[in-house]
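This report concerns only the one structure given below.
The values are calculated or read from the model by the stated rules, or taken from the named source; none is laboratory data. Every value quoted in this text rests on a predicted model; they were computed, and no experiment measured them. Quick reminder, even Gly has a Cβ in these numbers, built from the backbone with ideal geometry, and neighbours come from all protein chains shown.
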Amino acid sequence: MGRMNETRQLYQLQEIDLETEEKRQRLREIEEQMAENVALTAAQENLAQEKELLAQRQKELRFAEWELDDLQAKMAQTEKRLYGGSVRSPRELTRLEEEVGHSKAQKRAREDNIIELMEDVERLQKAVDEHSSEVETLSREWQVLLEQLGTEAKELRKALANLEARRIEMAKPIPPAALQLYDILKEAKQGRAVARVERGMCQGCRITLPTMELQRARSSLVQCSSCDRILYVG
Ligand SMILES: [Zn+2]
């Protein structure tokens, strides 16, 4: 097996490694994307808060309505006593009149409060309805996306398993020293240990190679004198 063959093997190994890295990167992106839907989570949290506030206002409204009922019942009793004719004492009648007047003012205040609460409830109910359907839409879209991403991830994992198997086969005939050099350079050169030579130029650093270097690279494992990469004259 000649040297020429060796650099070619290293170049092909690099192509597998680059493809593997690209697919791993995409898989990481997909896994990150599948882990959280920021927009959906925010919409769900907002909706939950609105629902809580709505429930609180509905409770306040029910309570205010009970209070009003109580007050009206009490007023009816006071008025019955006031106009019923059974109370004769002028002092007591004045007191009852005052009580009715006071209750009427209280009643108006409670009615105003009820109207405000009803408006709040109506406004919140509208927001909850609107945002519920928004969350539903976002959830549906998210489910579709999750399914697509899940399919893509599955395909990527299959492709990565194939690449791994191919890499093992491809590395077998390469001498350990060459593999070691490749690994060191791969680390140092962001995955690109081997540079193709095109029109006498190293594609790793774009310098034109000296003729001697180029000739040696055709028949043996030579590193670029400028960027250190293994030269592959393809
Ligand atoms: Zn170079």
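Table for the structure above
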read-out	value
The listed residue being farther than 21 Å from Ala42 by Cβ and not polar (S, T, N, Q), out of Glu130, Glu155, Glu134, Glu141	Glu155
Which listed residue is surrounded by 13 or more Cβ atoms within 10 Å (Cβ to Cβ) and within 16 Å of the ligand (Cβ to nearest atom), from Leu163, Leu231	Leu231
Residue in region 189-206 that is more than 16 Å from the ligand (Cβ to nearest atom) and at pLDDT 95 or above present	no
Yes/no for Ala195 being assigned to a helix (DSSP H, G or I), under 41 Å from the mean Cα position of the chain (by Cα) and closer than 29 Å to Ile16 by Cβ	no
Answer residue from region 207-228, given it is in a helix (DSSP H, G or I) and more than 13 Å from the ligand (Cβ to nearest atom) and is nearest to Glu22 (Cα to Cα) among those	Arg218
